[in-house]
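A quick write-up on the structure given underneath.
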Amino acid sequence: MTYENNWTSLNARPVPEWFGKAKFGIFIHWGLYSVPGYTGKGQYAEWYRQQLNDPNHPARAFHDRVYGGKKYEDFVSGFTAELFDANAWAKLFRDAGAKYINLVSKHHDGFCLYPSKYAWNWNSWDVGPHRDFCMELREAMEGTGVKFGVYHSVYEWVHPLYLESPERYALEHLHPMLKELIERYQPWTLFTDGEWDHPSETWHSTEFLTWLYNESSVRDFIVPNDRWGRETRGHLGGNFTTEYGYITGNQKIEDVVLDRPFEECRGIGKSFGINRIETTEDYMSPKECIETLCSLVSKGGNFLLNIGPAADGTIPVIMEERLLQMGQWLQVNGDAIYDTEVYTKETEDGVYYTKKGETTYAILNRFPFGAKVLEHVPYHPDLQARLLSVDAPITIRNHDGKAELLFPAIDPEDVKCQWLYAVEIKK
């Protein structure tokens, strides 16, 4: 199908099927802002450069105290990446159970993690570590079953052309830069951001998406998002995105009815880029990470969980641990997550439902003990149930027309997972 240069036509393009089946991806915010690795509690550390403009911001006081007269651009020398190992990252993402990643190829500071003729001397190949991190990670992901994708900011805080004319910037800088990125690295996802100051008309977004859908080498499989202009989030584009539980208009995910897969992104802590003053109190627990995934998948969404590596290329141990805990849980309960669909739009305390064909999954947020009535599963005498995490007989009885699960005594030592427990139900 050929798509026309208008939102009606472009919005009719289906989100490629692989994305709706994937369910879990990993976001990676890594760049010059990882050198200071600092912001106020509850704020985004990747905005460090912009925060320096506010004399009352904690980042300004921190910068003056620690770095004195150093400019943000000087952080290039500290972005050493001497411990970055693309193969180790790829193994971790695979072991975490992720099906795709989004690497920040360029954030709002304009610094690229790959060589680009549109960012001469302001990229990780020309200066600093002199490495093409996009290519290193893309090549490392091959054969892992985890798809390589990118984030790319559409605007740049201090680009002179953007400050002079956002429209000229879009046509003369952003579009050719995006095309260069797409054709060189052939990503499976394109997570744009930074669109909010201007309408999609200023960004000429439909023009770019027309090329992406009709002419690019990735036209058959790439999944762009909905961040193409201040009017587009949750309405226009590819998959719809939410962030820390909210979508355009401060609607919660639960209040939004979407006609396509959507994706919630958030950090394990309160920031995307590493913020070194965050403590364990700021981080999601393993159960919170897993329960967020289950909640999103039950609503038809994906979970894009962010990590913020350090400037030396290491991933903070607590982030690595959370990812591995996600992977251990998914290894046991993945059938209830991957390739599933929405079972019901109704919610039920303590239970998240998914389905795959004629099979229903009820994911419980408590240990399987005693009895549990499934409010949204009608009783049928032919129903059979089993826990994915332990071989234990489950009896189903009729409770006012609803299926009630009766669990035997189960030794926690025999259960192959913690925190949430998926029950498979079929006839």
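The values are calculated or read from the model by the stated rules, or taken from the named source; none is laboratory data. Everything quoted here is computed from the prediction, not taken from an experiment. Backbone-built Cβ (ideal geometry, glycine too); neighbour counts: all protein chains shown.
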Practice task
Just give me the residues in region 196-220 being outside any helix (DSSP H, G or I) and hydrophobic (A, V, I, L, M, F, W, C), in sequence order.
Solution key: Trp196, Val218
Practice task
Mind telling me which of the residues Tyr33, Tyr3, Tyr48 ends up being more than 30 Å from Leu293 (Cβ to Cβ) and touching a residue at least 40 places away in the same chain (Cβ under 8 Å)?
Solution key: Tyr3
Practice task
Output yes when any residue across region 350-361 is part of a strand (DSSP E or B), modelled with pLDDT of 95 or more, surrounded by fewer than 15 Cβ atoms within 10 Å (Cβ to Cβ) and not polar (S, T, N, Q), and no when none is.
Solution key: no
Exercise for the section: Show the residue pairs that are 6+ apart or on different chains and have beta-carbon atoms under 6 Å apart, the first residue being within region 183-210 and in the same structural domain as Ser105 (by TED's automatic domain parsing), the second being among the small types (Gly, Ala, Ser) and part of a helix (DSSP H, G or I). Expected result: Trp203/Ala170; His204/Ala170
Completion exercise
By residue number, the members of region 178-211 that are buried (at least 23 other Cβ atoms within 10 Å of the Cβ), closer than 15 Å to Ser9 by Cα and of a type outside the set (S, T, N, Q) are Phe208, Leu209
Practice task
Could you check, for region 234-251, whether at least one of its residues is in the same structural domain as Pro16 (by TED's automatic domain parsing), in contact with a Gly (Cβ under 6 Å, 6 or more places away or on another chain), modelled with pLDDT of 95 or more and not hydroxyl-bearing (Ser, Thr, Tyr)?
Solution key: no
Practice task
State whether the residues of region 321-333 include one that is under 19 Å from the mean Cα position of the chain (by Cα) and assigned to a strand (DSSP E or B).
Solution key: no
Exercise for the section: Could you please let me know if Val342 is farther than 29 Å from Ile28 by Cβ and not hydroxyl-bearing (Ser, Thr, Tyr)? Expected result: no
Handout entry: Looking only at region 394-412, and only at residues there that are assigned to a loop (DSSP other than H, G, I, E, B) and within 37 Å of the chain's Cα centre (by Cα), the one that is nearest to Glu424 (Cα to Cα)
Key = Ile394
Completion exercise
Expected output for region 70-81 (first residue closer than 14 Å to His130 by Cβ, partner loosely packed, with under 14 Cβ neighbours inside 10 Å, Cβ below 8 Å, 6+ apart or cross-chain) is none
Practice task
Find all pairs meeting these conditions: Cβ atoms under 9 angstrom apart; at least six residues apart or on different chains; first residue within region 331-356 and without any contact (Cβ under 8 Å) to a residue 24 or more places away in the chain and not assigned by TED's automatic domain parsing to the domain that holds Gly25; second residue surrounded by fewer than 18 Cβ atoms within 10 Å (Cβ to Cβ) and assigned to a helix (DSSP H, G or I).
Solution key: Lys356/Asp335
Handout entry: Lone unmet requirement of (1) surrounded by 24 or more Cβ atoms within 10 Å (Cβ to Cβ); (2) among the β-branched types (Val, Ile, Thr); (3) closer than 22 Å to Ala90 by Cβ for Val154
Key = (3)
Exercise for the section: Filter region 302-338 down to the residues that are charged (D, E, K, R) and under 30 Å from Trp30 (Cβ atoms), then identify the one that is surrounded by the most Cβ atoms within 10 Å (Cβ to Cβ). Expected result: Arg322
Practice task
From (1) out of contact with any Cys (no Cβ under 9 Å at 6 or more places or on another chain); (2) surrounded by fewer than 16 Cβ atoms within 10 Å (Cβ to Cβ); (3) part of a helix (DSSP H, G or I), pick out the condition that doesn't hold for Leu296.
Solution key: (2)
